[in-house]
Amino acid sequence: MENSEKMAIVSLLDRDPELKQYYEEHQELEKKLDQFQSKLHLSPDEEVEKKRLQKMKLVGKDKIMEILERHRHTSS
């Protein structure tokens, strides 16, 4: 996410509960993925979990961007 997008998202969090939910989930997934990144080696199960979390994070980011785009269209 670009910095300008992140600022726009943060400014809308109080007004859009759906956006807030996806944003908080995105932040949580990022923390979990950082834990995997700090390890030198991952077990096969950890690799699978890492991939699953990455996919969930990507889906969430898509939803966040969709909501942000919707807000941009309604405000113009």
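Worth pointing out:
- Other residues with beta-carbon under 14 Å from the beta-carbon of residue 63 carry, at +1 per Lys or Arg and -1 per Asp or Glu, a net charge of -3.
- Those residues of segment 36-76 whose amide nitrogen sits under 16 Å from the label point placed on residue 16, 7 Å along Cα→Cβ: 59-76
- Counted residue by residue at 0.36 nm each, then reduced by the alpha carbon distance between them, the extension gain from residue 69 to residue 43 reaches 5.5 nm.
- Taking Cα extents along the principal axes in Å as calculated from this structure, the corresponding entry among (1) 46, 23, 12; (2) 49, 19, 17; (3) 55, 17, 16 is (2).
Read-outs: derived from the displayed coordinates by stated rules, not from any lab. Since the structure is predicted, the reported quantities are computational estimates derived from the model, not experimental observations. Note that each Cβ is placed from the backbone with ideal geometry, even for glycine, and that neighbours are counted across all protein chains shown.
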